[in-house]
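FYI, it's all coordinate maths here, none of it is from the lab. Please read these numbers as outputs of a predicted model, since none were measured by experiment. With ideal geometry, Cβ positions are generated from the backbone for all residues, glycine too; neighbour counts draw on all protein chains shown.
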Amino acid sequence: MADNLNDLATRARTEITGMAKEGFANPSTKPVLTAAAIGAVAGLVLPIVSLPVGALAGAAFGLWQRIKK
């Protein structure tokens, strides 16, 4: 289980670093930003969740979708 979490953290770090260095040239950037935008809209609609929390949750979900196996 610990190896799986370590591998997941390594993949997440690699994806985030790649997105930061390459910008929109990285294939992960657009799906993660799209998920962040959807989360932000959901944050506006839902009464308890705010826009930044929704955007962060959406980005986290989009990143998870890119790195999970």
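Looking only at region 40-58, count how many residues are within 10 Å of the chain's Cα centre (by Cα) and over 17 Å from Lys68 (Cβ atoms).
Step one: of region 40-58, the residues within 10 Å of the chain's Cα centre (by Cα) are 55-58.
From what's left, over 17 Å from Lys68 (Cβ atoms): 55-56.
Within region 40-58, residues that are within 10 Å of the chain's Cα centre (by Cα) and over 17 Å from Lys68 (Cβ atoms) number 2.
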Pairs with Cβ under 6 Å, 6+ apart, first in region 24-39 and part of a helix (DSSP H, G or I), second surrounded by fewer than 16 Cβ atoms within 10 Å (Cβ to Cβ): Ala35/Phe61
Condition met for Leu8 (surrounded by 12 or more Cβ atoms within 10 Å (Cβ to Cβ), in a helix (DSSP H, G or I), touching a residue at least 40 places away in the same chain (Cβ under 8 Å) and not acidic (Asp, Glu)): yes
Among (1) surrounded by 12 or more Cβ atoms within 10 Å (Cβ to Cβ); (2) hydrophobic (A, V, I, L, M, F, W, C); (3) assigned to a helix (DSSP H, G or I); (4) without any contact (Cβ under 8 Å) to a residue 24 or more places away in the chain - the single one Val49 does not satisfy: (3)
